[in-house]
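Chemist: Below you will find the structure I want to go over with you.
What follows is calculated from the coordinates using simple rules that are stated; it is not laboratory data. Quick caveat: nothing in here was measured; it's all calculated off a predicted structure. For neighbour counting, all protein chains shown are included, and Cβ atoms are generated from backbone atoms with ideal geometry for every residue, glycine included.
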Amino acid sequence: MTGATGYVGGRLVPELLKRGYRVRCLAREPRKLEERSWCDNPNVEIARSDLSDVAELTAQIRDCSAAYYLIHSMIASGRTYADRDSQLAHNFARAAAEAQIERIIYLGGLGELGEGLSQHLCSRREVEVALGSCGVSVTTLRAAMIIGSGSASFEILRYLVERLPVMITPRWVQTESQPVSIVDVLYWLVECLHVTETSGRSLEIGGPDVITYRELMHIMAQELGLRRRLIIGVPVLTPRLSSAWISLITPVSYRIARPLSDGLRNRVVVNDDTTQTLMPHQSLGVRESIHRAIAKTLEGKVPTRWSAAGPIPGDPNWAGGKVYVDQRSIEIEAQPSDVFAAVCRVGGGHGWYSGDILWRIRGLMDQIVGGPGLRRGRRDPEEVEFGEALDFWRVVGIERGKSLLLHAEMKLPGTAQLEFCMEPVEDNNRFTRLTMTARFRPRGLLGILYWYTVVPLHNIVFGGMLRGIKRAAKSLEMSQEV
């Protein structure tokens, strides 16, 4: 299983385990999987791999009967992401052939062939060809928009409808699509394993509804309990402008929105019913898929989310340059576990305990210059995992009950981290000392000016945050005592 830390792969592994399969996960950063409920399952193996070393990869996948290839870069930068995807697919094909893998299963993109295909869909087709270049049988499932809690496409749609009662949109709102629920995608990905007739085929998958994006937005508004949205399609909005607009309104960054919006100009519907012939299945309609996804989001039961995908920044080398440090401590009458739980609530709907207006201003400033801002929120209101996003921070270190390390992903003239450490007070085990350390290594004069500009606000933001965490931790401990 490649892509086990991603949106689809993270949900596919437990489905395979339910069917009794043994699964070997290849992950660029295995720590992302440590908190998954299935991580300790005896039928799961995890190995570190970025698919760049063919010999190492061959050894890692040897003895496996089938391989899922769920790698796909969603970061637009010319043809860079497409070329990278193609190279990794070629590496995997060579390794699979050497390891005598019986077949590869790939989740690709649905869309018409021929001229005018978006770069995003062209890249998917190139990966299909690359995976089959060394003689291993490939089963490709081609899907259009996947509707599910936490998917990038679903969140783009939800945020646009929630925030814009009137929308001026490109012509692609009239393009037909055949969305499919993540529930049905997982069903077909698992089912094709034991349906031998699917080997060597490209299969189209979709829900029962063929629908325009305009109609999709109206259904979303109804399911959210909102008034009907006024949608005005105009011919002048290019994919570049569309993705910039999506980035401004939704949590999805411009670099991810660009390939998605570029692909919206292509009609993506199922033209071949071979999938239903070989693997009959009653798939969910658009309305039910959206209803289920909204319910999961409101319940805080989102097992995987688009924002957790991608590489984790390495540890910054704090040596060799000036590093500015702001360290503060507070003693809290609570156990370390309760203090840790309170710390883990930062970001998303809980906010940052203090100076929320300053956080919102900083988030807006970051959003204007192309950063994530505060739009990404968080996957779960209480729990955090290694590698996931908390607004414009990313979790790069976590030790339950002891520490949480966040790396700044906002646009900065330097590198920043925020660390929370908890330890019992030596002479009074009823108290926990919480130490919060902000580190910033400036990049040039602008970085130094930035630090001295924000330092006066630290007393409000960081001091208030510590006091807020203290209140929350004491409240948690009291609720447990009751």
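Chemist: Under the rule of -39500 (n - 2.57) per DSSP H run of 4 or more residues, summed and divided by the residues of the chain, what mean residue ellipticity at 222 nm is obtained, to the nearest 500 deg cm²/dmol?
Modeler: Taking each H run of at least 4 residues, the total per residue is -12000 deg cm²/dmol.
Chemist: I would also like to ask the following. Sort Thr58, Thr453, Thr432 so that the residue with the fewest other Cβ atoms within 10 Å of its own Cβ comes first and the one with the most comes last.
Modeler: Thr453, Thr58, Thr432
Chemist: So which lysines can Lys296 reach, going by Cα to Cα under 27 Å and dropping same-chain residues fewer than 8 places off?
Modeler: Reachable lysines: Lys18, Lys32.
Chemist: List the relative contact order of the chain as a percent without decimals, with contacts defined as Cα pairs under 8 Å and 6+ residues apart.
Modeler: Once normalised by length, the contact order is 14 percent.
Chemist: Rounded if a/c is under 1.5, else prolate if a/b is larger than b/c, else oblate: which is the stretch 324-481, with a ≥ b ≥ c the root eigenvalues of its Cα gyration tensor?
Modeler: prolate
Chemist: Let me ask something else. Ranking Cys39, Cys421 by Cβ neighbours within 10 Å, fewest first, what do you get?
Modeler: Cys39, Cys421
Chemist: Calculate the spin-label point distance for Cys122 paired with Arg328, positioning each point 7 Å from the Cα along the beta-carbon direction, and give it in nanometres.
Modeler: 5.2 nm
Chemist: Mind sorting Val54, Val339 by how few other Cβ atoms lie within 10 Å of their own Cβ, fewest first?
Modeler: The fewest-first ordering by Cβ neighbours comes to Val54, Val339.
Chemist: Angle between the Cα long axis of helix 9-18 and the longest principal axis of the chain, 0 to 90 degrees, nearest 10?
Modeler: With both axes taken from Cα atoms, the answer is about 70 degrees.
Chemist: Could you state the angle between the C-alpha long axis of helix 444-481 and the longest principal axis of the C-alpha atoms of the chain, as a value from 0 to 90 degrees rounded to the nearest 10?
Modeler: Once rounded, one gets 90 degrees.
Chemist: Taking K and R as +1 and D and E as -1, what net charge do the other residues with C-beta under 9 Å from the C-beta of Ala389 add up to?
Modeler: Residues close to Ala389 contribute a combined charge of +2.
Chemist: If you take Cα Rg over 2.2 N^0.38 Å from the coordinates, which of (1) 0.96; (2) 1.03; (3) 1.23 do you get?
Modeler: For Cα Rg over 2.2 N^0.38 Å, the calculated option is (2).
Chemist: Moving on. Can you say what percent of the DSSP beta bridges in the chain, counting only those with both residues inside, are antiparallel? Round to 5.
Modeler: So the antiparallel bridges in the chain amount to around 55 percent.
Chemist: Also, I was wondering about something else. For Cα pairs less than 8 Å apart in space and 6+ apart in sequence, what is the mean separation divided by the residue count of the stretch 324-481, i.e. the relative contact order in percent?
Modeler: Here the relative contact order equals 32 percent.
Chemist: Can you list the lysines whose alpha carbon sits under 20 Å from that of Lys411, skipping same-chain ones fewer than 8 residues off?
Modeler: Lys322
Chemist: Going by alpha carbons, how many degrees (0 to 90, nearest 10) lie between the helix axis of 152-163 and the longest principal axis of the chain?
Modeler: 60 degrees
Chemist: Could you name the lysines in cross-link range of Lys474, using Cα to Cα under 27 Å and dropping any fewer than eight places away on the same chain?
Modeler: Within the straight-line limit of under 27 Å, Lys474 reaches these lysines: Lys301, Lys402.
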